[in-house]
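The values are calculated or read from the model by the stated rules, or taken from the named source; none is laboratory data. As the structure is a computational prediction, the values presented were derived from the model and not from experiment. Here the Cβ positions follow ideal geometry from the backbone for every residue, glycine too, while neighbour counts run over all protein chains shown.
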Amino acid sequence: MNLDLIRAVDKWCGIPACFFLSAAHKILACIRPHRKAEAGDGTTPRKVLFIELSEMGSAILAYPAMRYALGKYPHLQLYFLIFSRNRFSVDVLDLIPEDHVFTIDISSPVQFLWSTLKALKAIRKTGIDTVFDLELFSRFSSLLSGLSGAGIRAGYSKYHEEGLYRGQFMTHRVLYNCHQHMAKNFIALVKAIEQQDEGPLLKEVIADENLIRPRYEPSAKDLESMRRRLADINPSVRSAKYLILFNPGAGSLLPIRAWPVENYGALGRKIVDRFDAVIIIIGLEEACREAEKILQYVGSARCVNFAGKTSFKDLMDLLSLADILVTADGGPAHFATLTPIKNIVLFGPETPALYAPLGPNSTCLFAGLACSPCLSAYNHRKTSCTDPRCMKAITVEEVFGAVSGFLEKP
């Protein structure tokens, strides 16, 4: 299923579904007593479901919110609902048991419908009492929240903003703050169920100290295995002082986030001319064409095409082994924060104010054009731009300066 189809289904099917199911919720509330906890009754959550379907990086940004929930409610059981292709972004957190992760398969419309019904059945059978809908203005996730059977449901609401209609399922309506980092927005959802104030929630300051990060700890054997695989392709990996990762792809869903391939090539030439380094190009299978172009631009044996050759665990081991990652905004930028690698992240259609990777090892470059960011929760991350000058405005010299700053620092 492509992104435009998902948007169309969410709009044309989601709006009437949210309206009629919301009406049914209100009618049922009037004719029968609640058997589950409802908003503001002080009930302690026991089984909590986090819903974050489509973004791999957002699962990493949700980690502080989940850790806060566990700290606040020591006997809490955590559950997570996510698209099956993104499941590894939850598993790597090492926070939620494998059998507590529900998935939805979007490989085809039939699989999507069947796996959604299956996931809902499992969620209701589990007896979830609290749902945190981390999706910003997705009607599909709002419907899932309403059908979950949970008595406490916290999610984002447009209030009087120009947000998207998503029904009336939330017992705790939280104002999505587009001027606050997403990790803090996620924490606001969790803290909202502690409040009984009038809206909009949350009327608290969320301190930076809450933004803790998970850690990925690979074994020495796994790191050596990865180094050996790279050395089999290019023996200079063994002797090089530095390993630099390039992630040129931005994915097929939002290709507008990509930095120009020729810029990666020019950057690669500068790096190999100045430093004792090997450049390793990573990415999915679809990034192989970009990787081959970068190899031609760099024109050096110290450049390795490793695109399409890594599992998710391989990627985590590679991030743990290398010294620097250069990438556009996306999942790998957030996975890098679980490792000690220095992380240079290029932003254009989206903003680091909301999506900067957590931690001190990340440097975000953002040109700040008047039209940036053009992707947001309010437009379902769809832009009419066909010429991403915001990415082209980030110069090779600027990125090379960031790379040099890391490598030359004592």
Report summary line: Only one of (1) surrounded by fewer than 16 Cβ atoms within 10 Å (Cβ to Cβ); (2) touching a residue at least 40 places away in the same chain (Cβ under 8 Å); (3) among the charged types (D, E, K, R) does not apply to Arg257, and that is (1)
Report task. Collect the residues in the range 130-144 that are over 28 Å from Ala207 (Cα atoms) and surrounded by fewer than 24 Cβ atoms within 10 Å (Cβ to Cβ), keeping them in residue-number order. Result -> Arg139, Phe140, Leu143
Report task. Output the residue which, of all residues in the range 23-56 that are surrounded by 15 or more Cβ atoms within 10 Å (Cβ to Cβ) and modelled with pLDDT of 90 or more, is farthest from the chain's Cα centre (by Cα). Result -> Pro45
Report summary line: For the range 219-252, the count of residues that are among the polar types (S, T, N, Q), in contact with a strand residue (DSSP E or B) (Cβ under 8 Å, 6 or more places away or on another chain) and at pLDDT below 95 equals 2
Report summary line: Considering residues that are of a type outside the set (Ser, Thr, Tyr) and under 24 Å from the mean Cα position of the chain (by Cα), the number found within the range 129-160 is 16
Report task. Give Tyr264, Tyr242, Tyr297 a once-over and let me know the one that is within 28 Å of Cys374 (Cα to Cα) and of a type in the set (Ser, Thr, Tyr). Result -> Tyr264
Requested in this report: Determine whether the range 275-288 contains at least one residue that is of a type outside the set (A, V, I, L, M), within 20 Å of Met391 (Cβ to Cβ) and not in a helix (DSSP H, G or I).
Outcome: yes
**Report entry** Subset of the range 83-114 [buried (at least 19 other Cβ atoms within 10 Å of the Cβ) and of a type in the set (Gly, Ala, Ser)]
**Finding:** Ser89
Query - Only listed residue being assigned to a loop (DSSP other than H, G, I, E, B) and either in the same structural domain as Ser54 (by TED's automatic domain parsing) or crowded, with 23+ Cβ neighbours inside 10 Å (or both), chosen from Ala183, Ala154, Ala122, Ala150 - result: Ala150
Report task. Return the residue satisfying two criteria in turn: it lies in the range 338-364 and is without any contact (Cβ under 8 Å) to a residue 24 or more places away in the chain and in contact with a strand residue (DSSP E or B) (Cβ under 6 Å, 6 or more places away or on another chain), and of such residues it is farthest from Leu245 (Cα to Cα). Result -> Pro352
Report summary line: Given (1) surrounded by 15 or more Cβ atoms within 10 Å (Cβ to Cβ); (2) farther than 11 Å from Pro248 by Cβ, Ile282 misses just (2)
Query raised in the report: Hey, which of the helices (runs of 4 or more DSSP H) in the range 293-410, taking only ones fully inside, have at least 1 residues that are surrounded by fewer than 18 Cβ atoms within 10 Å (Cβ to Cβ)?
Result: 312-321, 352-355, 389-392, 396-408
Query raised in the report: What are the residues in the range 162-180 that are in a loop (DSSP other than H, G, I, E, B), within 17 Å of Leu354 (Cα to Cα) and without any contact (Cβ under 8 Å) to a residue 60 or more places away in the chain, if any?
Result: Asn177
Report task. Kindly indicate the residue of the range 231-270 that is part of a strand (DSSP E or B) and not polar (S, T, N, Q) and also farthest from Arg85 (Cα to Cα) among those meeting that condition. Result -> Tyr242
Report task. Please enumerate the residues belonging to the range 53-84 that are of a type in the set (Val, Ile, Thr) and part of a strand (DSSP E or B). Result -> Ile82
Query raised in the report: Restricting attention to the range 197-228, and to residues there that are assigned to a helix (DSSP H, G or I) and in contact (Cβ under 8 Å) with a residue 60 or more places away in the chain, which single residue is nearest to the chain's Cα centre (by Cα)?
Result: Asn210
